[in-house]
Structures are given as C-alpha cells and as structure tokens.
Amino acid sequence: MTTDNHNATVRGHAALLDIANLDTDQIMPKQFLRGIDKSGLAPGLLYDLRFDGSGQPRADFVLNQSAFAGTDVLLAGSNYGCGSSREHAVWGMQQYGFRAVVASSFGEIFYSNAMNNRLLLAMVTEADAQAFMQEACATTGPLAVEIDVEQRLVRTAGHCAPFTLSERHRRMFLDGLDVIGASLAYQRQIDAFTQRHWAAQPWVKDVALRTRERLDRRALPTAGA
C-alpha cells in the first residue's frame, strides 16, 4: 500500500474475507498473547482460519494463496472485530501487513483500538460492502482499492462509496498522528489549564513527589542511632 498527499489517500490491494461477526479471539487467538510486549503477533493472525489442526496451511484460505501474498487491505464481513477488547488483534493485523479494513460495521472497542493505532477502518453501507465483495469475487487476484481519507471515499475500478469517519480520526490520519500525538496538539491549552489548576489548588501540585520525599525522610536513620 502507498500513502499519498500527506496521508490523504491510501492505495492497496484487498483480499476478501466474507465472514460476519469475526471476533477478536479469532483474529488473534489467546495462545499468542503470552509476550509482555506487542511484538511477534503476525504468525497468530487468523490462525485457525489460516492453519488446520496439525498446523499446516489451509490451501483454500485466501491469505495462503500466492496471489494474495502482498495483500494490505482486508474486505471483511459485517461486525468485524466484535468480542473482547483485545488490542493484540489490531497489532497483529498491522504486523502482518494490513493497513486498512473495509466493512459495513465493526466491533466498537476494536474500532477505537484500530483508529488509535492508525489501522484505518473504512465503514461503508451494507449495500456498498456487498458491491465491493461482488467485484472482488469477479477479480482474479487481489482487488485494487483506493481509500481517500480527505474525501472519505473508497474507490475500486467498478465502484465508489463514501465511508464513515469522525472528524477527529480524519484529522489524525491526515496529520499522521496517533492518539498521543493528537493529544499533544493541545499542549498549549493543557499547560494553561495546569497552571490555572495549580494556582487555584496549590496543595495538589507535585503531591506524589512531596509525599514520597516525606516518607523517605522518615525512613532515614536518626543521628546517633
């Protein structure tokens, strides 16, 4: 996938995964959550769909087919990412190489996790999702997709559809920001509020540090002890 015009347009190739209500436990099974950081999750992505009970790749699964080796957009069924608040599902998709998902609906928590980690979720109507799916089925290999964040449009050779995206998330993608970066854009206002807050309630300024220093002084041995 490429990104043009300062994150305004992303272009990639989509694989079709027409499974409704695919939950986060299926996207990233629990046995891959043993690490203490978010690395090394790509092998676990959609594991039970990609592999059989003996760990062998399922030849009929789309992501195991050589034509889809470079897929970076997922055209998914409705309510994609429902279930638990497993942020590893988002990290695993990104580590595998996905940069966007197009679907008619998403699990609410998955949606927030994805957008905060800059995995673009383009939510279209069910009719538009079906149109894209039909086009993907009629296409040999991955479907070329263009996602215009500026205009909030998903385009393919045969169809164009608007997608839902809040203005806050739109600005984050256009400005290349994650949720922390978006918060820091208000640094001046945050600093001003902090100063007003401390001026009105000075006893709360550095209260944790002052408490720790007081406890440390009490722990010091007394002279002559």
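Return yes when residue 44 is surrounded by fewer than 16 Cβ atoms within 10 Å (Cβ to Cβ) and either at pLDDT below 90 or under 15 Å from residue 94 (Cβ atoms) (or both) and no when it is not.
No; evaluated as a whole, the condition is false for this residue.
Name the single residue that is nearest to residue 44 (Cα to Cα) among those in segment 101-126 being in a loop (DSSP other than H, G, I, E, B) and either β-branched (Val, Ile, Thr) or open to solvent by less than 30 Å² (accessible area, probe 1.4 Å) (or both).
The residue in question is 119.
Note down all Cβ pairs under 6 Å where the first residue falls in segment 62-75 and is modelled with pLDDT under 95, the second is part of a strand (DSSP E or B) and open to solvent by 20 Å² or more (accessible area, probe 1.4 Å), and they're at least six residues apart or on different chains.
71/13
Filter segment 25-39 for residues that are without any contact (Cβ under 8 Å) to a residue 40 or more places away in the chain and outside any helix (DSSP H, G or I); which is farthest from residue 15 (Cα to Cα)?
The residue in question is 36.
Inside segment 147-225, counting only helices (runs of 4 or more DSSP H) that do not spill past its ends, which hold 1 or more residues that are touching a residue at least 12 places away in the same chain (Cβ under 8 Å) and open to solvent by less than 90 Å² (accessible area, probe 1.4 Å)?
The helices (runs of 4 or more DSSP H) meeting that bar are 167-175, 179-184.
Sort out which residues of segment 110-120 are of a type in the set (A, V, I, L, M, F, W, C) and either in contact (Cβ under 8 Å) with a residue 40 or more places away in the chain or over 17 Å from residue 21 (Cα atoms) (or both), and write them in order of number.
110, 115, 119, 120
Since residue 20 meets every condition but one in (1) within 17 Å of residue 113 (Cβ to Cβ); (2) in contact with a Gly (Cβ under 6 Å, 6 or more places away or on another chain); (3) hydrophobic (A, V, I, L, M, F, W, C), which condition does it not meet?
Failing condition for residue 20: (1).
I'd like to know if segment 127-140 contains one or more residues that are on the phi < 0 side of the Ramachandran plot, over 18 Å from the mean Cα position of the chain (by Cα), among the small types (Gly, Ala, Ser) and surrounded by fewer than 16 Cβ atoms within 10 Å (Cβ to Cβ).
For segment 127-140, residues on the phi < 0 side of the Ramachandran plot, over 18 Å from the mean Cα position of the chain (by Cα), among the small types (Gly, Ala, Ser) and surrounded by fewer than 16 Cβ atoms within 10 Å (Cβ to Cβ): present.
So, in segment 76-100, how many residues would count as being outside any loop (DSSP other than H, G, I, E, B) and either basic (Lys, Arg) or open to solvent by 10 Å² or more (accessible area, probe 1.4 Å) (or both)?
Number satisfying all stated conditions: 6.
The values are calculated or read from the model by the stated rules, or taken from the named source; none is laboratory data. Values in this document were obtained by computation on a predicted structure and should not be read as measured data. Please note: Cβ atoms are built from the backbone with ideal geometry, for glycine as well, and neighbour counts cover all protein chains shown. The area values use the complete protein model at the heavy-atom level, side chains included, leaving out ligands, DNA and RNA. Shrake-Rupley method; radii C 1.70, N 1.55, O 1.52, S 1.80 Å.
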